[in-house]
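The values are calculated or read from the model by the stated rules, or taken from the named source; none is laboratory data. Just so we're clear, the structure is a prediction, and the values are computed from it rather than from any experiment. Reconstructed Cβ throughout: ideal geometry from the backbone, glycine too, with neighbour counts over all protein chains shown.
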Amino acid sequence: METLAMTWWMWVILGLVLMAGEIMTPGGFFILFFGAGAVVVGLLKWAGLATTLPVDGLIFLVVSVAGLAFFRKPLQQRFQPLTPQIPVDSLAGETAKALEPLAAGAIGKVELRGTTWNAQNVGPEPLAVAQRCRVERVDGLTLYVRATAAAPEPERIA
């Protein structure tokens, strides 16, 4: 019976593919360590130190998990300053347009960035149709808006 075996270069190629996978995915530094574990096994086999597939697999797992345990957090801290700390979708402070009349405290619809949103008028004065309003805060898919000082836009006749 022929035994299942991986030569050293198969392990190295597997390691390089896994490392490339880390580069192509949004990082968390997970796949990188499994790639490093495969390269280590490949180098050990090349040097003649690793023997059978179960032993190779054990070395692969031990090196990969040890790398995750000891090096992942320092790598994340090292590269975290490179990621921007800008809120991706902060709508507070944006200007929306009322799509229907909104009395003070009422819930209705507004348009913001070309999308219709549920909104609650948290201001003391009502909003007229097409009146501009400022987003105070966002809770889920509801915008909490307040009228701005600007007059409503005139209706367009098509």
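Select from segment 16-41 the residues that are under 25 Å from the mean Cα position of the chain (by Cα) and under 12 Å from V63 (Cα atoms) and write down the one among them that is surrounded by the fewest Cβ atoms within 10 Å (Cβ to Cβ). Filtering segment 16-41 for residues that are under 25 Å from the mean Cα position of the chain (by Cα) and under 12 Å from V63 (Cα atoms), the one surrounded by the fewest Cβ atoms within 10 Å (Cβ to Cβ) comes out as A36. The numbered conditions (1) touching a Lys or Arg at 6+ places or on another chain (Cβ under 8 Å); (2) at pLDDT below 90 are all true for A119 except (2).
Based on what the data block shows, is R134 among the basic types (K, R), at pLDDT 90 or above and not assigned by TED's automatic domain parsing to the domain that holds L32? Criteria met by R134. Restricting attention to segment 44-59, which residues are surrounded by fewer than 19 Cβ atoms within 10 Å (Cβ to Cβ), under 17 Å from F34 (Cβ atoms) and in contact (Cβ under 8 Å) with a residue 40 or more places away in the chain? Correct list: L53 only.
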